[in-house]
Amino acid sequence: MPTNTKKQRIRKAVFPVAGLGTRFLPATKTVPKEMLPIVDRPLIQYAVDEAIEAGCDTLIFVTNRYKHAVADYFDKAYELEQKLEKSGKHEQLDLVRNVLPEGVRAVFVTQTEALGLGHAVLCAKPVVGDEPFAVMLPDDLIWNKDGPGALKQMADHAEKFGVGAIAVQDVPEEQTASYGIVAVEGFEDRHGAIRRIVEKPQPADAPSTLAVVGRYILPPTIFDHLEKTGKGAGGEIQLTDAIASQIADSQIDAYRFKGTRFDCGTHIGLVEATIRFALDHEKISDAARDSMTKALQELGVIDLS
Ligand code: UTP
């Protein structure tokens, strides 16, 4: 029977951002996927803000040797700050300075070879040490406008019960082969203990239609499982395989978060997120609405005459 782990606050979040981002080529030839903007902020900023809101003060970025842009983004930009200050652009200065609030530190770890998500998480082991931690995939942008972010919801649950947690959402049956799929003993409120987890099963083999999305809270013993995990689907070291062996030892719950998830690892997901955030943006919402209405009229999708 899996046991509960120590009730501990989640302070560290790992951002595996060493993938090649091939779906967004040619843009990702020079701009990492995580730096693609949703209106005026890069994808990574949304994930970072969510982690900080959940109580994390140590952000661990697993990057590859070509991705200087992510580290540069979180570094201090002396010249730019000086110029903005001199020209009295205080609003912009605040935006540049507040990329990371005081008291939050960023640590960068290199994944020397893109051997998969599981391998990327394992690269963070020396920094995470012996405490439960979060893993966040910035491609999954989760928006919960008037309530706590997905990771905060999960961290509250994990800390209260001393369990791990993985964000899940229901997907149409024909999409199971694009996700890790879990089988849960039964749901109480928004959570249920995971009994099985399978990476990208065909609909006929899927144990359910509950799909894993990119937010995890894991115990430090996951590293032992990752070290023993061989190459799985796609020749990569899969985080899902390590979780499948972890659930025999300690409880990990599937957590149905409140909020809307945009899969910004796909073209349409990135566009949907951009539209949604533009329509809600404090400065451009009216203009965005007008522009979209006009485009739909011109295309004959709507007729307001
Ligand atoms: P994806 O499967 O989305 O791969 O990785 P990708 O390379 O980012 O994008 P595509 O499919 O080629 O367009 C899921 C997450 O795991 C990270 C990615 O950066 C992404 O956040 N990852 C993947 C690594 O950090 N290292 C790897 O070896 C593989």
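No value in this document is a laboratory result; all are computed from the given coordinates. For clarity, every value in this text was computed on a predicted model and none was experimentally measured. Positions of Cβ are generated from backbone atoms using ideal geometry, with glycine treated the same way; all protein chains shown enter the neighbour counts.
Looking at 152, 86, 67, which one is of a type in the set (D, E, K, R), free of Cβ contacts under 8 Å to residues at least 60 places away in the same chain and crowded, with 16+ Cβ neighbours inside 10 Å?
On the way: 152 fails: free of Cβ contacts under 8 Å to residues at least 60 places away in the same chain; 86 fails: crowded, with 16+ Cβ neighbours inside 10 Å.
After ruling out the rest, the residue left standing is 67.
Specify which of the listed residues (46, 66) is within 16 Å of the ligand (Cβ to nearest atom) and part of a loop (DSSP other than H, G, I, E, B). Step through it out loud before you land on a result.
Details: 46 fails: part of a loop (DSSP other than H, G, I, E, B).
Every option except 66 fails the conditions.
Only one of these conditions is not met by residue 146: (1) surrounded by fewer than 24 Cβ atoms within 10 Å (Cβ to Cβ); (2) within 16 Å of the ligand (Cβ to nearest atom); (3) in a loop (DSSP other than H, G, I, E, B); (4) not aliphatic (A, V, I, L, M). Which number is it?
(2)
Residues checked against (1) in contact with a strand residue (DSSP E or B) (Cβ under 8 Å, 6 or more places away or on another chain); (2) closer than 23 Å to residue 139 by Cβ; (3) away from the ligand (no atom under 16 Å from the Cβ); (4) of a type in the set (Ser, Thr, Tyr):
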site: 190; (1), (2), (3), (4): yes, yes, yes, no
site: 198; (1), (2), (3), (4): yes, yes, yes, no
site: 207; (1), (2), (3), (4): yes, no, yes, no
site: 210; (1), (2), (3), (4): yes, yes, yes, no
site: 215; (1), (2), (3), (4): yes, yes, no, no
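So, in the stretch 99-141, exactly how many residues are of a type in the set (Asp, Glu), within 12 Å of the ligand (Cβ to nearest atom) and assigned to a loop (DSSP other than H, G, I, E, B)? Talk me through it step by step, then tell me what you get.
Of the stretch 99-141, the ones of a type in the set (Asp, Glu) are 102, 113, 130-131, 139-140.
From the residues that got through so far, the ones that are within 12 Å of the ligand (Cβ to nearest atom) too are 113, 139-140.
When the remaining residues are screened for being assigned to a loop (DSSP other than H, G, I, E, B), the result is 113, 139.
Qualifying residue count, the stretch 99-141: 2.
When you go through (1) within 16 Å of the ligand (Cβ to nearest atom); (2) in contact with a helix residue (DSSP H, G or I) (Cβ under 7 Å, 6 or more places away or on another chain); (3) part of a helix (DSSP H, G or I) one by one for residue 85, which number turns out not to apply?
Result: residue 85 passes all but (1).
Going residue by residue through the stretch 10-25, is there one that turns out to be exposed (fewer than 12 other Cβ atoms within 10 Å of the Cβ), farther than 21 Å from residue 119 by Cβ and within 15 Å of the ligand (Cβ to nearest atom)?
Within the stretch 10-25, one or more residues are exposed (fewer than 12 other Cβ atoms within 10 Å of the Cβ), farther than 21 Å from residue 119 by Cβ and within 15 Å of the ligand (Cβ to nearest atom).
Take the conditions of a type in the set (A, V, I, L, M) and part of a helix (DSSP H, G or I) and apply them to residue 165. Does it pass?
On the way: of a type in the set (A, V, I, L, M): yes; part of a helix (DSSP H, G or I): no.
Answer is no for this residue.
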